[in-house]
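Report on one structure; see the data block that follows.
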Amino acid sequence: MKYLKQVVQTVSGESPILYAIVWIHFILAIGCGVGLLLDDRMLMGINVWIKPLKFTISTGIYILTVGFLITLYPFSKTKKHIIRNLVSWTLLMEILIIIVQGARGVKSHYNQSSAQDGILFAMMGLLIMVNVLVMAFFIIETLRLKLNTTKSVQWSILLGWVIVLFGSWIGGQMIAQLSHNVGVADGGAGLPLLNWSTIAGDLRVAHFFGLHAIQLIPLFAYALSGKWKVPQVAQIISVTLTGLLYAGWVGYTFYQAKQGMPFLNI
């Protein structure tokens, strides 16, 4: 909770607009939760509001993460402002498309059943591409610059961005095949809420774990450098091992999905 409080205070003070967009995501998530309770329409085997609910929460957390991490970079105020706006506004547009399509009871991703649906899906692809380019930019700048933090935390941020970029590439694999399942058509039996397939490979598993590396690995590094007071060399070694293990896990879930094997066979 201490780290969350620090993140919230930093982001709200540095970028009120980005912070407001984060709250818009969480408010939209509440609205999706209400829709889940009141609307019994189904799509691909799950309630039409589950996907918008998951995406609003996940995207809100990501924007908050970017809003905090960018304060560690020695960028000018103008550069920070541009990056914050690129990330927060493009992802808000992405979420609004997902919610609108969910409210209509149709797929948001891989939907080319009509001209309107195809245009919205193409727009989503362009909006995500902007954010992938921002991720690549962060990787370059993390390598090039000295961040306003410890070496171990900076190293954890770099590892996090690299894994996130790989997770985004997995998302591109899903776009290329216009589905997330491997071995069967999308839909069918899946895990509760997550809806990851329990009968075939599902690329969303590796995609999910990959995208959240940017929160989990730096959080581990912050804990090492703060609460646990581990020596600097030991911190870097621990962060490296953690990053490699996490990357290995993402790689394994990707391999598992590509082989047509479900994440959990239940």
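Computed values, structure above
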{"item": "Number of positions in the range 46-57 that are within 14 Å of Leu211 (Cβ to Cβ) and either out of contact with any His (no Cβ under 8 Å at 6 or more places or on another chain) or surrounded by 21 or more Cβ atoms within 10 Å (Cβ to Cβ) (or both)", "result": "2"}
{"item": "Residue satisfying condition, being at pLDDT 95 or above and aromatic (Phe, Trp, Tyr), within set Trp249, Trp228", "result": "Trp249"}
{"item": "Criterion violated by Ser152 - all others in (1) under 25 Å from Ala29 (Cβ atoms); (2) in contact with a helix residue (DSSP H, G or I) (Cβ under 6 Å, 6 or more places away or on another chain); (3) at pLDDT below 95 satisfied", "result": "(1)"}
{"item": "Single residue of Ser168, Ser197 found to be under 30 Å from Ser108 (Cβ atoms), within 20 Å of the chain's Cα centre (by Cα) and surrounded by fewer than 21 Cβ atoms within 10 Å (Cβ to Cβ)", "result": "Ser168"}
{"item": "Residue that is farthest from the chain's Cα centre (by Cα) [pool: residues in the range 98-129 that are β-branched (Val, Ile, Thr) and surrounded by fewer than 16 Cβ atoms within 10 Å (Cβ to Cβ)]", "result": "Ile119"}
{"item": "Qualifying residue in the range 142-160 (condition: outside the structural domain of Ser179 (by TED's automatic domain parsing), of a type in the set (Val, Ile, Thr), under 17 Å from the mean Cα position of the chain (by Cα) and within 22 Å of Asn85 (Cα to Cα))", "result": "no"}
{"item": "Identity of the residue in the range 36-94, part of a loop (DSSP other than H, G, I, E, B), over 20 Å from Ser15 (Cβ atoms) and touching a residue at least 40 places away in the same chain (Cβ under 8 Å), that ends up nearest to the chain's Cα centre (by Cα)", "result": "Trp49"}
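The values are calculated or read from the model by the stated rules, or taken from the named source; none is laboratory data. Quick caveat: nothing in here was measured; it's all calculated off a predicted structure. Here the Cβ is made from the backbone with ideal geometry for all residues, glycine too, and neighbour counts use every protein chain on show.
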